[in-house]
Amino acid sequence: MSEGTKPPGRAPLVEPVEPPPTRWELPTTGPIDESDIVAVGADLEPGTLLAAYRRGLFPMPFDRRRIAWFSPDPRGVIPLDGLHVSRSLRRSVRRFRFAFDTDFRAVVRSCADPRRPGFWIDRSFVDAYTRLHELGWAHSVEVYDDDDLVGGLYGVRIGGLFAGESMFHRATDASKVALVHLVDWLVDTDATLFDVQWTTPHLESLGALAITRREYLERLAAAVG
């Protein structure tokens, strides 16, 4: 990284570009199996992704050629006034440098590292979310130790919704530091809903909680309306 190319700071909230609408009929409700899948098929075009998030859906690969669309019940969220920041995490926040939207593709590719447990982000997803980023809908937080990218996260912002997709770390607490700066930005820009898809013990330790699908969809309608 050359000097001065990645200044720290929060990304401004700019007006994104609306892509052509999706050609697919996406469900708003439907049968949910034990894996929380409500539909299979469609594509990863920007218009399809945005229509899905506005309906409470998000994609993951189903097989080599098809996409599954998930709508978990219960749904994981982090209250924007409820992030748990320990003393050690506060020290880490002061230690690392951060930036927004300066190397989006590098963050997604780091999250897509096939050596990570539960690897699922393939090239098609990297390309799809990079297109969303170029249109102003997807954002990343980068965390640096000197000039080295050591952590980060990315997700989709639609109005008051931020739908977190994935995060990674190569240094202790680096992904948590990204989360702290993300929540600060969401509060500063009047977001109301931070979706983390499912709760895990790790996310619960940071303040994540599970709400019903019905409650999530009600909050979503208010956030993106």
Single match in 165, 218 (criterion: surrounded by fewer than 17 Cβ atoms within 10 Å (Cβ to Cβ) and closer than 18 Å to residue 54 by Cβ) = 218
For the stretch 64-109, enumerate the residues that are over 20 Å from residue 140 (Cα atoms), of a type in the set (Lys, Arg) and outside any loop (DSSP other than H, G, I, E, B).
-> 75, 87, 90, 91
Identify, please: which residue in the stretch 110-150 is within 19 Å of residue 68 (Cβ to Cβ), assigned to a helix (DSSP H, G or I) and among the charged types (D, E, K, R) and is, among those, modelled with the highest pLDDT?
-> 127
Consider residue 149 against the criteria (1) under 13 Å from residue 99 (Cα atoms); (2) exposed (fewer than 15 other Cβ atoms within 10 Å of the Cβ); (3) of a type outside the set (D, E, K, R): it satisfies all of them except one. Which criterion is unmet?
-> (2)
Test residue 153 against the stated conditions and say whether it is under 23 Å from residue 131 (Cβ atoms), under 14 Å from the mean Cα position of the chain (by Cα) and either without any contact (Cβ under 8 Å) to a residue 12 or more places away in the chain or not in a strand (DSSP E or B) (or both).
-> no
Note on the stretch 74-99: residues closer than 14 Å to residue 200 by Cα and of a type outside the set (Val, Ile, Thr) are 74, 75, 76
State all residues of the stretch 161-187 that are assigned to a strand (DSSP E or B) and of a type in the set (Phe, Trp, Tyr); if no residue qualifies, say none.
-> 162, 168
Restricted to the stretch 168-202 and to residues being at pLDDT 95 or above, surrounded by fewer than 20 Cβ atoms within 10 Å (Cβ to Cβ) and among the hydroxyl-bearing types (Ser, Thr, Tyr), the residue farthest from residue 52 (Cα to Cα) is 172
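The values are calculated or read from the model by the stated rules, or taken from the named source; none is laboratory data. What you see is a predicted model; the values in this text were computed from it and never measured. All Cβ positions, even for glycine, are placed from backbone atoms using ideal geometry, and neighbour counts span all protein chains on display.
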